Amino acid sequence: MTQPQDSPQTGPRSAPQAPPRPGAGETRPRKVAAFFDLDKTIIATSSTAAFSKPFYAGGLISRGDVLRSAYAHFLYMVGGADADQTERMRAHLSSLVTGWDVRTVSQIVEETLHEYIDPVVYAEAVELIVSHHDRGHDVVIVSASGSEVVEPIAAVLGADHYVATRMEIVDGRYTGEIDFYAYGENKALAIRELAEANGYDLDASYAYSDSITDAPMLAEVGHGFAVNPDRTLRRLAGESGWGTLTFVRPVTLRTQLAPPRSAVVVGGAVAVAVVGWLVWRAVRKRSGRSG
């Protein structure tokens with residue numbers, strides 16, 4: 001586990017207001033949150049790799065860097081990036097961004113977000129986000145990608161908060177040091193800190209991820225879901241009582257912000273799958289107690 005040098009990078013879209021203090025004999029109501037991994041859970045790709053082309057066009061990376069990023073992306077997409085490989089990629093990215101101008105990175109992401117991210121958003125993920133908001137739940141994006149990439153994506157998705165990797169910045173440039181790496185156990189740490197700050201009931205909350213490295217994040221809540229799981233994650237989901245979901249429809253995000261009837265049907269099917277899993281788990285628990 002990579003130990004953070006500082007507290008997690010989290011970003012509310014607006015400063016949360018403190019709830020009124022409960023009176024005598026009253027208890028403060030607990031809120032529910034839905035925590036979503038980003039890459040291969042909300043979007044059908046790696047968010048960092050998605051921007052390699054505009055970063056190259058902007059002079060931030062070389063052609064060789066593009067090829068290495070493409071190879072790393074390939075390993076990621078086929079599930080070949082284990083913890084050691086991911087750590088090597090983290091070290092490579094840390095070295096790669098050293099000296100980059102932060103304002104330039106943010107500008108490139110902002111200008112190309114809709115071109116490179118919009119077409120690869122899963123319709124099922126968007127409908128789940130809408131469903132959670134409709135039920136009064138906060139939505140939190142939790143990603144190992146850098147905050148300059150995650151923050152604008154979270155804003156477009158309408159997320160209430162985000163958790164992301166934070167790079168050290170001195171005089172407007174990245175030093176190459178990582179203040180907080182939002183990966184593995186550190187995601188669970190960030191979730192606990194957000195729950196403490198915002199009054200989330202984690203037993204009543206939800207988490208969604210495609211990656212076995214996010215097992216700590218899924219275990220942190222009462223309702224964990226493995227999205228498009230590989231064999232290892234599917235087996236762990238079965239052992240842990242987590243639900244499994246299949247997302248198959250990458251669509252343009254702007255068409256989902258005002259979803260047509262077909263998209264609503266897809267979202268309804270996912271919601272039915274979630275409810276079905278909750279009922280199955282309740283019956284299983286009841287049977288276990290009676291047995």
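Quick note: the coordinates plus some simple rules give every number you see, no bench work behind them. Not measured: the values here are computed from a predicted model. With ideal geometry, Cβ positions are generated from the backbone for all residues, glycine too; neighbour counts draw on all protein chains shown.
So here's what we get for this one:
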{"item": "Spacing of the two label points (7 Å from each Cα toward its C-beta) at THR104 and ARG249, in nm", "result": "4.1 nm"}
{"item": "Assigned charges on the beta-carbon of Lys, Arg, Asp, Glu; segment 85-236 dipole about Cα centre (debye)", "result": "540 debye"}
{"item": "Sparse-neighbour loop sites [trypsin sites (Lys or Arg not before Pro); segment 107-180; at most 12 other C-beta within 10 Å; DSSP]", "result": "ARG135"}
{"item": "Counted charge near GLU185, where neighbours are those whose Cβ lies closer than 12 Å (Asp, Glu -1; Lys, Arg +1)", "result": "0"}
{"item": "Cut-off 12 Å between beta-carbons: net charge of the residues surrounding ALA226, Lys and Arg +1, Asp and Glu -1", "result": "-1"}
{"item": "Length released on extending from THR175 to SER95, taking residue separation times 0.36 nm less the Cα-Cα span", "result": "27.9 nm"}
{"item": "Prolate/oblate/rounded call for segment 194-257, Cα gyration tensor, a/c under 1.5 rounded", "result": "oblate"}
